[in-house]
Amino acid sequence: IAQPIANILTVFITPISNLLSPITTELDVRNEHNVLKKVLAMILNAGSFFLLPCLVILVVYSYEIIELLFGLRYVNASITLKFSAIYMFFVIMNEFIYSFINGFGLPKQKMKAMYIAALLNLVLSLILIPLFGTVGAVVAGLISNVFIFTAGLYLLEKKSIFTLSVLKNYSALLFSLAVFIAVHYSMIHLLSIDNIFMRIAVNTFTAGTVYL
């Protein structure tokens, strides 16, 4: 479920991320790295602000979503959905990060990161799939994408447009997200709504209002 959602979001995100590459190239030629740093900070913070609540909803309501779409027979897949939701977040963020890297003209560094990630995914899959099945495959993909994400930020740091100070708003964001999760779980226990659609809608609306 998370992958189709990621695919839908990518349809809207890809045209935007594609614009970043030529803009990055032009600003790099002008040596306007401060502008690039601000754009990167905005994407990381704004992207996380909007994507993380979606991730939380998929994690919190994974059981209900699977039951609603496929029936009780497949609810064991809810664990897979939880990890897939986190995987989705990194896939989308990597789309933006590597647009910057493409704009800087770093194909060799990018391919090196991708090859290492592919090898890491292969090794982890061989270890985790026999032990955990589908969940193991998703976790292997997740860890590989976290590596790609980290490698991307490292490459941008070398170009002087990323520092840890870029993430200065993350403390406030994580606090808001913690409040969002707390309200979600409080609503689950306080309200007893049998209809799954209504339960998800009411809880999400209430938590989202507090989050914003």
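Backbone phi angles across region 18-23, fed through the Karplus curve with coefficients 6.51, -1.76 and 1.60 (θ = phi - 60°), yield HN-Hα couplings of 5, 5, 5, 4, x, 5 Hz in residue order; Gly and Pro are listed as x. Take the Cβ atoms of residue 67 and residue 131, set R0 to 30 Å, and the FRET efficiency comes out at 0.70. For the set 82/159; 38/110; 37/110; 37/82; 82/108, the pairs lying more than 29 angstrom apart at their alpha carbons are 82/159; 37/82; 82/108.
In this label model, residue 108 and residue 26 are separated by 2.8 nm, measuring between points 7 Å along each Cα→Cβ vector.
A short reminder: the numbers here are calculations on the coordinates, not readings from a lab. This one's a predicted model, so the numbers in the text were calculated from it and none came from an experiment. As a convention, Cβ positions derive from the backbone with ideal geometry for all residues, glycine included, and neighbour counts pool all protein chains shown.
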